[in-house]
1. Quick query: amide H of Ile31 versus all other amide H atoms, modeled in the peptide plane; which residues come in under 5 Å with a sequence gap of 5 or more or a different chain?
2. Based on the alpha-carbon gyration tensor of the stretch 19-59 and its eigenvalue square roots a ≥ b ≥ c, which shape applies: rounded if a/c is under 1.5, prolate if not and a/b is larger than b/c, or oblate?
3. In sequence order, what are the phi-derived ³J(HN,Hα) couplings for the stretch 31-45 according to the Karplus relation 6.51 cos²θ - 1.76 cosθ + 1.60 with θ = phi - 60°, rounded to whole Hz, with x for glycine and proline?
Amino acid sequence: MMNLFNCLLSEKCPYCRKTLETSKSNIRKGIVIKACPDQHFQKEFHPALETYIENRKTS
Ligand SMILES: [Zn+2]
């Protein structure tokens, strides 16, 4: 799990290349959310399930 987490830390927005922020993460629920500061892109990770959901802005 730590390897996965370290990978997440280096994620960048595919649109503006800014480093994704973790400010919306919900550690209590075991969810790590990585989001572009400009809201282009978001990834919602569920480490317990070893999966994630990507959300890309289409506009
Ligand atoms: Zn962006």
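FYI, it's all coordinate maths here, none of it is from the lab. All of these numbers come straight from a predicted model, not from anything done at the bench.
1. For Ile31, whose amide H was placed from the backbone, the distant partners under 5 Å are Asn26.
2. Here the stretch 19-59 falls in the oblate category.
3. 10, 10, 10, 10, 9, 5, x, 9, 6, 6, 7, 8, 10, 10, 9
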